[in-house]
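Peer 1: One structure is given below, represented as structure tokens, and several questions about it will come after.
The values are calculated or read from the model by the stated rules, or taken from the named source; none is laboratory data. The shown structure was predicted, so the numbers you read here are calculated from the model rather than taken from an experiment. FYI the Cβ positions are ideal-geometry reconstructions off the backbone, even for glycines, and counts take in every protein chain you see.
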Amino acid sequence: MRKKIILSIFSVVALFANMPVSVACDVCGCGVGSYYLGILPDFNKRFVGLRYQQNRLQTHLGPNGIRTPNSTNETYRTMELWGAWSFGERWRAMAIIPYSFNERTIGNNSLETGKKNGLGDIVVMGHYKLLDDVRTTGTNKLLMQSLWVGAGIKTPTGEYDTSEQSSAEMGAPNNFQLGTASTDFMINAAYDIRLMDAGLNVNATYKINTENKHDYRYANKLTINALAYYKFNIKNKVRISPNAGVLYETQPKDVLYNRFDVTQSGGHSTMGIAGVEINVGAISIGGNFQTPINQNLADGRIKAENRFMTHVSFSF
């Protein structure tokens, strides 16, 4: 049994880790499509809710990550309407509709800012439960594990600013966008194993980006996160689940005109995560805080800062 569990975990991670990563700064968690899922709210049939995320970046850094008069502070705030609907015991559909509030400050002059507010790129995903196993161990403890696999599409509903692309052609990052102007695809796997009240959730997503009509292609992106959690049940009315883990993101460089790499793009980062999920009847609330552990973004010219996310969801 133990060998089967270990092999199941590694098979999920290996499925994505062994995929070719080829030709946005998505890896920084910016406004053009970092779709973090994490632990979903507890629900039987369907849920709908609001989720808020905030990510900060430093860009246009000098060699070795040194700030210059041209360095910028960028803040990406996103409010998402999201929900999921189960069909029978094995099928699930999910949708995410983001609305973003982007802000950029150049140097230390707070008056010299740029702002972009608007609808982002809408995502629709479908999942199938490949594994659903519940059994009692030799010590009379309940062991549960599940494996969901799925795929999705990201539609080009967010506005794309071609002036940012023009700057990218001159060596700047092409982060400050509401959308990518491209139709992109995602494949996802989520494995969960729980022994009584202690569990582990592993989630992997590979995002396949296509070239947009402006000849810009954001690089494909691999995201893997693992969260350990424990469920406290208070009088069978309130469930509190603190969780902690890591999030890893990686992607190569963006590509212009199908042949030129964008200098300030690509890289990898590892974030530490700590959060909590609370369920009271049909209402779920939760959130987490993410802090960089290790990163090398755009060859050190971009630096990711702390992130946080919170949500409230209603199951029905």
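Peer 1: Within segment 80-96, can one find any residue that is at pLDDT 90 or above, over 23 Å from GLN54 (Cβ atoms), charged (D, E, K, R) and assigned to a strand (DSSP E or B)?
Peer 2: Within segment 80-96, one or more residues are at pLDDT 90 or above, over 23 Å from GLN54 (Cβ atoms), charged (D, E, K, R) and assigned to a strand (DSSP E or B).
Peer 1: Got at least one residue in segment 230-251 being within 18 Å of the chain's Cα centre (by Cα) and under 24 Å from TRP85 (Cα atoms)?
Peer 2: To start, the set of residues in segment 230-251 that are within 18 Å of the chain's Cα centre (by Cα) comprises 243-251.
From what is left, the residues that are under 24 Å from TRP85 (Cα atoms) are none.
No, every residue in segment 230-251 fails to be within 18 Å of the chain's Cα centre (by Cα) and under 24 Å from TRP85 (Cα atoms).
Peer 1: What is the one condition in (1) more than 21 Å from GLN290 (Cβ to Cβ); (2) surrounded by 15 or more Cβ atoms within 10 Å (Cβ to Cβ); (3) among the hydroxyl-bearing types (Ser, Thr, Tyr) that THR75 does not satisfy?
Peer 2: Here THR75 meets the rest and fails (1).
Peer 1: If you don't mind, another one. Residue under question is GLU89, and the condition is that it be closer than 27 Å to ASN306 by Cα and of a type in the set (D, E, K, R); does it hold? Break it down stepwise before answering.
Peer 2: Details: closer than 27 Å to ASN306 by Cα: no; of a type in the set (D, E, K, R): yes.
No: the conditions fail for GLU89.
Peer 1: Kindly list the number of the only condition in (1) among the polar types (S, T, N, Q); (2) part of a loop (DSSP other than H, G, I, E, B); (3) over 30 Å from GLY88 (Cα atoms) that fails for ASN140.
Peer 2: Unmet condition: (3).
Peer 1: Now, a different point. Return yes or no: is GLY114 surrounded by fewer than 16 Cβ atoms within 10 Å (Cβ to Cβ), modelled with pLDDT under 95, part of a strand (DSSP E or B) and of a type in the set (Gly, Ala, Ser)?
Peer 2: Details: surrounded by fewer than 16 Cβ atoms within 10 Å (Cβ to Cβ): yes; modelled with pLDDT under 95: yes; part of a strand (DSSP E or B): yes; of a type in the set (Gly, Ala, Ser): yes.
So GLY114 fits the description; yes.
Peer 1: When you scan segment 174-181, do you find a residue that is more than 21 Å from GLU80 (Cα to Cα), in contact with a Lys or Arg (Cβ under 6 Å, 6 or more places away or on another chain), in a loop (DSSP other than H, G, I, E, B) and aliphatic (A, V, I, L, M), even just one?
Peer 2: The first filter runs over segment 174-181 and keeps only residues more than 21 Å from GLU80 (Cα to Cα), leaving 174.
Pick out the ones that are also in contact with a Lys or Arg (Cβ under 6 Å, 6 or more places away or on another chain) and you get none.
No.
For every residue, the table says whether it meets (1) in contact with a Pro (Cβ under 9 Å, 6 or more places away or on another chain); (2) closer than 26 Å to PHE308 by Cα.
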site: GLY62; (1), (2): no, no
site: ARG67; (1), (2): no, yes
site: ALA84; (1), (2): yes, yes
site: PRO98; (1), (2): no, yes
site: GLY138; (1), (2): no, no
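Peer 1: Return a yes/no flag: does segment 275-288 have any residue that is farther than 22 Å from ALA84 by Cα, surrounded by 14 or more Cβ atoms within 10 Å (Cβ to Cβ) and either acidic (Asp, Glu) or touching a Phe, Trp or Tyr at 6+ places or on another chain (Cβ under 6 Å) (or both). Break it down stepwise before answering.
Peer 2: Step one: filter segment 275-288 for residues farther than 22 Å from ALA84 by Cα, giving none.
No: segment 275-288 contains no residue that is farther than 22 Å from ALA84 by Cα, surrounded by 14 or more Cβ atoms within 10 Å (Cβ to Cβ) and either acidic (Asp, Glu) or touching a Phe, Trp or Tyr at 6+ places or on another chain (Cβ under 6 Å) (or both).
Peer 1: When you check TYR230 against the structure, is it farther than 30 Å from SER166 by Cα and hydroxyl-bearing (Ser, Thr, Tyr), yes or no?
Peer 2: The answer is yes for TYR230.
Peer 1: How many of the residues in segment 143-173 are closer than 29 Å to ASN70 by Cα, in a loop (DSSP other than H, G, I, E, B) and modelled with pLDDT of 90 or more?
Peer 2: Of the residues in segment 143-173, the ones closer than 29 Å to ASN70 by Cα are 158-173.
Now drop any that are not in a loop (DSSP other than H, G, I, E, B), which leaves 158-161, 170-173.
When the remaining residues are screened for being modelled with pLDDT of 90 or more, the result is 158-161.
Total meeting the criteria: 4.
Peer 1: Condition first: more than 30 Å from SER86 (Cβ to Cβ), under 26 Å from the mean Cα position of the chain (by Cα), of a type outside the set (S, T, N, Q) and buried (at least 19 other Cβ atoms within 10 Å of the Cβ). Can you find one or more residues in segment 138-159 that meet it?
Peer 2: The answer is no, given that none of the residues of segment 138-159 is more than 30 Å from SER86 (Cβ to Cβ), under 26 Å from the mean Cα position of the chain (by Cα), of a type outside the set (S, T, N, Q) and buried (at least 19 other Cβ atoms within 10 Å of the Cβ).
Peer 1: Please go through segment 290-309 and pick out each residue that is at pLDDT 95 or above and either of a type in the set (Asp, Glu) or farther than 27 Å from THR68 by Cα (or both).
Peer 2: none
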